[in-house]
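Single-structure report; data block below.
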Amino acid sequence: MSMTRRTALAGLAAIPLLARSAVVGAAEPDLSALSDITHGVAPIGAAERAARIARAQALMKAQGIGAVLIEPGSSLIYFTGVTWHRSERLTAAVLPVEGTPLIVTPFFEEPSVRQTLGVPAEVRVWQEDEDPLALVAGFLKERKLATRPVGIEETVRYFAVNGLARALPGARIVSANPVVRGCRMIKTAPEIALMQAATDVTIAAYRWTWPRVEKGMSPRDIGALMDAATARLGGIPEFSLVLVGPAAALPHGSREPQRVAEGQIVLMDCGCTVQGYQSDVSRTFVHGTANAEQRKVWDQVARGQQVALAAAKVGAPAGSVDDAVRHYYVSQGYGPGYKLPGLSHRTGHGIGLDGHEPVNLVHGETTPLAPGMCFSNEPGLYLPGKFGVRLEDCFHMTDSGPRWFSEPPASLDAPFG
């Protein structure tokens with residue numbers, strides 16, 4: 001982070017608090033001091049998408065795969081730019097091992113689908129009384145790929161796979177993970193720049209929101225402030241999880257009513273997207289004065305983050321990061337393993353176009369860490385019936401090791417730097 005940006009973000013904490021009437025969300029927050037900080041951020045361009053397809057085709061050749069079938073979702077966006085929804089009417093892409101991709105879509109949807117198509121591709125349409133998988137089969141036959149294995153992107157639905165098997169009897173269906181994961185897990189400089197922009201927005205929104213958290217607020221009140229600030233700063237709010245007091249011991253939330261009170265833990269887990277790429281940052285603070293146990297656990301989690309980062313070495317198995325954290329936590333009296341009190345979830349997950357992507361920093365994961373991989377680092381500690389602490393910052397691997405997207409906080413008293 002440049003000094004200019006650091007200074008600008010730090011200044012947000014000095015913005016006056018909302019009027020007291022807005023404490024429980026009764027008034028719109030005053031966002032006049034915030035402005036879009038994503039101006040100048042470059043979207044993914046045609047050259048980047050062309051390089052992705054070339055990389056996928058090289059991996060297909062190496063794996064002996066003739067084509068890859070992809071449905072709408074982040075993988076379709078990644079390779080083609082097409083932003084579409086899934087329904088019973090199939091829209092899909094076929095990436096052949098050579099040549100331009102195919103887009104299959106209903107006839108009446110073609111104009112809409114073309115609006116986001118970002119690569120040269122052949123588009124074939126089907127009518128309501130026709131079988132879209134017959135179009136896929138015909139394309140594979142024309143390209144002389146019908147006898148070669150067809151890779152299926154891992155989120156493609158069963159009806160599409162089954163329909164292809166009917167339309168192309170004898171087709172060899174295989175996993176496309178070596179191709180799709182082989183591309184998407186390794187982020188390029190333009191992708192990392194977008195993830196950095198999203199993270200900058202989230203940190204700035206946190207710094208604006210934190211001084212506005214007041215006694216009596218509910219998680220919804222706080223989340224609304226965070227979302228409003230995020231949007232004003234140029235991000236698209238993706239999630240704003242807020243947990244108060246004992247609810248913070250449940251990593252993904254509680255149905256129990258919660259209100260901020262003196263001396264209570266407030267755990268926030270928030271993220272946004274910029275040009276489709278995600279951020280994911282968690283912070284934990286105490287409203288008012290923290291007690292000794294809260295400080296001790298917060299410091300242990302902060303240390304856990306550093307243990308994880310130190311273990312994230314190029315070539316090391318992804319699971320070794322999780323193992324290093326658990327070894328430290330056991331030395332502090334937690335666990336063992338995933339037992340509570342302790343760390344009941346993995347240390348981190350992949351991140352990019354999706355908030356959670358392969359692979360995970362979890363025990364037993366053997367995938368070696370490589371430059372371009374991006375992960376969350378969130379080794380929380382949870383004490384059932386008391387509270388939980390989670391600090392989460394994402395990092396990306398470089399040739400020389402991991403690099404933060406956001407710097408972890410130095411202390412419980414300065415949770416946002």
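Treating only the Cβ atoms of Lys and Arg (+1) and Asp and Glu (-1) as charged, compute the dipole magnitude of region 185-310 about its Cα centre; round to the nearest 20 debye.
Working: 12 positive and 12 negative charges, 39 e Å.
With only Lys, Arg, Asp and Glu charged at Cβ, the dipole is about 180 debye.
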- [ ] Compute the separation of the alpha-carbon centres of region 353-417 and region 256-317 and state it in Å as a whole number.
- [x] 10 Å
Task: Furthest towards positive pole of dipole, Ala197, Phe375, Ala50, structure part the chain, Cβ charges - done: Phe375
Open item on the list: Restricted to Cα positions, what overall size does the chain have along the principal axes? Three whole-Å values, descending.
Closed with: 71, 48, 42
Task: Top of Ser32, Ser112, Ser282 by mean-square fluctuation, Gaussian network on the chain, Cα under 10 Å - done: Ser32
TODO: Please label the shape of region 354-417 as rounded, prolate or oblate, based on the square roots a ≥ b ≥ c of the eigenvalues of the alpha-carbon gyration tensor (a/c under 1.5 means rounded; beyond that, a/b larger than b/c means prolate, else oblate).
DONE: oblate
Open item on the list: Viscosity 1.567 mPa s, temperature 4 °C: give me the Stokes-Einstein translational D for region 281-417 in µm²/s, with Rh taken as the Kirkwood radius over C-alpha pairs.
Closed with: 87 µm²/s
Task: Most mobile listed residue (Ala204, Ala165, Ala229) in the chain, GNM with C-alpha springs under 10 Å - done: Ala165
Task: Point-to-point label distance, Lys296-Ala47, nm (Cα→Cβ direction, 7 Å offset) - done: 5.7 nm
Open item on the list: Using the basic label-point model (7 angstrom from Cα toward the beta carbon), what is the Glu128 to Arg303 distance in nanometres?
Closed with: 6.6 nm
TODO: Work from the charge dipole of region 186-324 (Cβ charges, +1 for Lys and Arg, -1 for Asp and Glu, about the Cα centre) and give the residue of Gln306, Thr209, Gln275 farthest towards its positive end.
DONE: Thr209
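Quote the charge dipole size of the chain about the Cα centre in Debye, to the nearest 20; the model charges only the Cβ of Lys and Arg (+1) and of Asp and Glu (-1).
700 debye
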- [ ] Return the single residue from Pro402, Pro111, Pro219 with maximal mean-square fluctuation; model: Gaussian network over the chain, springs between Cα atoms under 10 Å.
- [x] Pro111
TODO: Per DSSP H run of at least 4 residues, take -39500 (n - 2.57); add these up for the chain, divide by its residues and hand me the 222 nm value, nearest 500 deg cm²/dmol.
DONE: -10000 deg cm²/dmol
TODO: Rounded, prolate or oblate: pick one for region 198-329, where a ≥ b ≥ c are the square roots of the eigenvalues of its C-alpha gyration tensor, a/c under 1.5 means rounded, and failing that, prolate if a/b is larger than b/c, else oblate.
DONE: oblate
Open item on the list: Using the crude model of +1 on Lys and Arg Cβ and -1 on Asp and Glu Cβ, and no other charge, please compute the dipole size for region 280-381 relative to its Cα centre, in debye to 20.
Closed with: 340 debye
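In Å², and per residue, what accessible area does the chain have when probed at 1.4 Å with the other protein chains present? Don't jump to the answer; show the numbers that get you there.
Values: 17670 Å² over 417 residues.
Dividing the accessible area of the chain by its residue count gives 42 Å².
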Task: Anchor Lys61: lysines whose Cα lies under 28 Å away (excluding residues fewer than 8 positions away in-chain) - done: Lys141, Lys144, Lys187
Open item on the list: Give me the one-decimal nm value for the distance between modelled label points at Thr366 and Lys141, 7 Å along each residue's Cα-to-Cβ direction.
Closed with: 4.1 nm
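Quick check on the chain: of the DSSP beta bridges with both residues there, what percent are antiparallel, nearest 5%? Could the numbers behind the result be given before it?
Working: 42 of 53 bridges.
So the antiparallel bridges in the chain amount to around 80 percent.
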Task: Straight-distance crosslink candidates among lysines, where the alpha carbon sits under 23 Å from Lys215 and sequence neighbours closer than 8 are dropped - done: Lys386
- [ ] Could you tell me what percent of the DSSP beta bridges with both partners in region 30-161 are antiparallel, to the nearest 5?
- [x] 45 percent
Task: Carbon plus sulfur fraction of accessible area for the chain, probe 1.4 Å, in percent - done: 55 percent
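The values are calculated or read from the model by the stated rules, or taken from the named source; none is laboratory data. Here the structure is a predicted model, which is why all the values come from computation and not from measurement. FYI the Cβ positions are ideal-geometry reconstructions off the backbone, even for glycines, and counts take in every protein chain you see. These area figures cover heavy atoms from the full protein model, side chains too; ligands, DNA and RNA do not enter into them. Shrake-Rupley method; radii C 1.70, N 1.55, O 1.52, S 1.80 Å.
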